[in-house]
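J.: Provided herewith is a single structure, encoded as structure tokens, for subsequent inquiry.
The values are calculated or read from the model by the stated rules, or taken from the named source; none is laboratory data. This structure is a prediction, so every number in the text was calculated from the model and none was measured. Here the Cβ is made from the backbone with ideal geometry for all residues, glycine too, and neighbour counts use every protein chain on show. When the accessible area is computed, the model is the full protein with side chains, heavy atoms only, and any ligands, DNA or RNA have been set aside. Shrake-Rupley method; radii C 1.70, N 1.55, O 1.52, S 1.80 Å.
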Amino acid sequence: MFQLVLFNVTNGLIIGAFYVLMALGLSLILNLSNVINFAHGNFLALGGYMAFVLTPYIGFWGALLVSPLLTALFGFVIERLMIRRVYGRDPVYSLLLTFGLAFIMQDACRYIWGPNGLPMNVPDLLAQPLTADLFFITWYRIFMVAIVIVAVAGLFAFLRYTRVGIRIRAGTLDLDTVNALGVNVGMLRSLNFAVGSLLAGLAGVLAAGQIGLNPNMGDDLLMPSFIAIIVGGVGSLTGTLLGGLLIGVAAALTTVVWPAASEAVIYVIMLVVLVVRPRGLLGEEGMLT
């Protein structure tokens, strides 16, 4: 029984880590630009497929570094060419745009790499189990959690100590004032979208090594990532981090006692939070961005 619980808690932490990376990227884009990016899961898939292509040439470690950067570059270009055209308009425009973009990206991946799943090879050392008793915990799982911790710490450091990060934080509070102070808000939004895309690309590389590649791989993570933002509180990155881990572990523990409810429990948590504290666990009153 102990091993079963530990197995599911481990799975919950892994899934929660993916939710965290996805949700933080979504939250960054939503907070600054008021864009709900339905194509975010497809940026995850794109990052995974880029790593698949690059691995034979630069190895897994090189792909782990380069693929998220290429995904960020792609996100930067998409924002400059498409997303920026819906700023200031009714939110339905951004919903429709990113929804259509999601289908285009998904079909492009399906056309280029095929509709069937593809394996992503990881270094042999990482594929080994931790011990004979804990055979379900591989070094790769520990590695993934460590990478997510480093990425989240790096994101918070970036937002706190760099000039661009401070401007992004200020823009989420009052973008008009930031613009009046002479900051190039258009470029700021582009860089912010690129950072969000980078997090999705990193999640894609890590997910590819764990579950393999398929064109729909980001779909299952997208809705729980939105729920993580709602549970944690719209406008709060710390809340988003907490929300992602909470729903991931809750879903995994529910699997132990009631497997059929492992997905439903996520929505139950959201319902309870919305009833008890509509702003989310760490959200601020009246925060919509």
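J.: How many residues does the range 37-55 hold that are hydroxyl-bearing (Ser, Thr, Tyr) and open to solvent by less than 10 Å² (accessible area, probe 1.4 Å)?
T.: So the count comes out to 1.
J.: Something else: Filter the range 231-246 for residues that are closer than 14 Å to residue 24 by Cβ, assigned to a helix (DSSP H, G or I) and of a type outside the set (Ser, Thr, Tyr) and give the result.
T.: Within the range 231-246, 231, 232, 237, 239, 241, 242, 243, 244, 245 qualify.
J.: Scan 159, 155, 126, 191 and give me the residue that is assigned to a helix (DSSP H, G or I), out of contact with any strand residue (DSSP E or B) (no Cβ under 8 Å at 6 or more places or on another chain), over 23 Å from residue 242 (Cβ atoms) and hydrophobic (A, V, I, L, M, F, W, C).
T.: 191
J.: So how many residues does the range 243-276 have that are without any contact (Cβ under 8 Å) to a residue 60 or more places away in the chain and closer than 23 Å to residue 7 by Cβ?
T.: Total meeting the criteria: 13.
J.: When the range 135-171 is examined, which residues are found to be over 22 Å from residue 201 (Cβ atoms) and surrounded by 11 or more Cβ atoms within 10 Å (Cβ to Cβ)?
T.: The answer is 135, 136, 137, 138, 139, 166, 167, 169, 170, 171.
J.: Is it true that some residue in the range 207-221 is farther than 30 Å from residue 273 by Cα, surrounded by fewer than 22 Cβ atoms within 10 Å (Cβ to Cβ), without any contact (Cβ under 8 Å) to a residue 60 or more places away in the chain and of a type in the set (Val, Ile, Thr)?
T.: yes
J.: Restricting to the range 62-71, name every residue that is in contact (Cβ under 8 Å) with a residue 12 or more places away in the chain, out of contact with any Phe, Trp or Tyr (no Cβ under 9 Å at 6 or more places or on another chain) and among the hydrophobic types (A, V, I, L, M, F, W, C).
T.: 64, 66, 69, 70
J.: Checking residue 102 against (1) of a type in the set (A, V, I, L, M, F, W, C); (2) in contact (Cβ under 8 Å) with a residue 12 or more places away in the chain; (3) open to solvent by 40 Å² or more (accessible area, probe 1.4 Å), which single condition isn't satisfied?
T.: Against the list (1) of a type in the set (A, V, I, L, M, F, W, C); (2) in contact (Cβ under 8 Å) with a residue 12 or more places away in the chain; (3) open to solvent by 40 Å² or more (accessible area, probe 1.4 Å), residue 102 comes up short only on (3).
J.: If residue 283 meets every condition in (1) part of a helix (DSSP H, G or I); (2) of a type outside the set (Lys, Arg); (3) open to solvent by less than 50 Å² (accessible area, probe 1.4 Å) apart from one, which number is that one?
T.: With respect to (1) part of a helix (DSSP H, G or I); (2) of a type outside the set (Lys, Arg); (3) open to solvent by less than 50 Å² (accessible area, probe 1.4 Å), residue 283 is out only on (1).
J.: Restricting the search to the range 209-225, which residues are in contact with a Phe, Trp or Tyr (Cβ under 9 Å, 6 or more places away or on another chain), assigned to a helix (DSSP H, G or I) and not aliphatic (A, V, I, L, M)?
T.: 209, 210, 224, 225
J.: Of 65, 4, which residue is open to solvent by 40 Å² or more (accessible area, probe 1.4 Å), at pLDDT below 90 and of a type in the set (A, V, I, L, M, F, W, C)? Reasoning before the result, please.
T.: Values: 65 fails: at pLDDT below 90.
Within the list 65, 4, the selection yields 4.
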